[in-house]
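See below for the structure under consideration.
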């Protein structure tokens, strides 16, 4: 198997999701600014959602919708699994709440006079 066959077999959604996970992880670990960490965490979460969606996708299958015109047995054989889609939909809502919470903590810390850098809180004990 040569390189072109290998690249043709890669799922582009999974590859872009993995790239977003790596960029988000780098942003969380390498940036001292609390606001940049919150944005990097959101990028990481988006990458994880893409990877989960790509796991549930099968080429040639249709959306998990049953209509009255089709036979249930043949329609269910052509459907993708709806569970990853439901998990990602739930993860998007939870991720929005977590991002809002992280940003509100960062704003509260900055308003209290501490600054927006993690290094300003180096003496804090958890």
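The values are calculated or read from the model by the stated rules, or taken from the named source; none is laboratory data. None of these values were measured; they are calculated from a predicted model. Neighbour counts run over all protein chains shown; Cβ positions are idealised from the backbone, glycine included.
Of (1) over 19 Å from residue 13 (Cα atoms); (2) not in a helix (DSSP H, G or I), residue 59 satisfies all except one. Which?
With (1) over 19 Å from residue 13 (Cα atoms); (2) not in a helix (DSSP H, G or I) applied to residue 59, the lone miss is (1).
Select from the stretch 62-81 the residues that are part of a helix (DSSP H, G or I) and either surrounded by 13 or more Cβ atoms within 10 Å (Cβ to Cβ) or modelled with pLDDT of 90 or more (or both) and list them in ascending order.
Kept after step one, since they are part of a helix (DSSP H, G or I), are these residues of the stretch 62-81: 72-77.
75 - this is the single residue of the stretch 62-81 that is part of a helix (DSSP H, G or I) and either surrounded by 13 or more Cβ atoms within 10 Å (Cβ to Cβ) or modelled with pLDDT of 90 or more (or both).
So how many residues does the stretch 4-48 have that are without any contact (Cβ under 8 Å) to a residue 24 or more places away in the chain and assigned to a helix (DSSP H, G or I)?
As a first pass, look at the stretch 4-48 and keep what is without any contact (Cβ under 8 Å) to a residue 24 or more places away in the chain: 4-10, 12, 15, 24-31, 36, 39-40, 43.
Right, trim to assigned to a helix (DSSP H, G or I) and you get 4-8, 12, 15, 24-30, 36, 39-40, 43.
Of the residues in that region, 18 qualify.
Can you tell me which residue within the stretch 102-126, out of those that are out of contact with any helix residue (DSSP H, G or I) (no Cβ under 9 Å at 6 or more places or on another chain) and assigned to a helix (DSSP H, G or I), is modelled with the lowest pLDDT? Give the derivation first.
Filtering the stretch 102-126 for residues out of contact with any helix residue (DSSP H, G or I) (no Cβ under 9 Å at 6 or more places or on another chain) gives 104, 108, 111-113, 119, 122-126.
Those still in the list that are assigned to a helix (DSSP H, G or I) too: 104, 108, 111, 119.
Values: 104: 93, 108: 89, 111: 86, 119: 76.
Step by step, filter the stretch 102-126, then rank; the result is 119.
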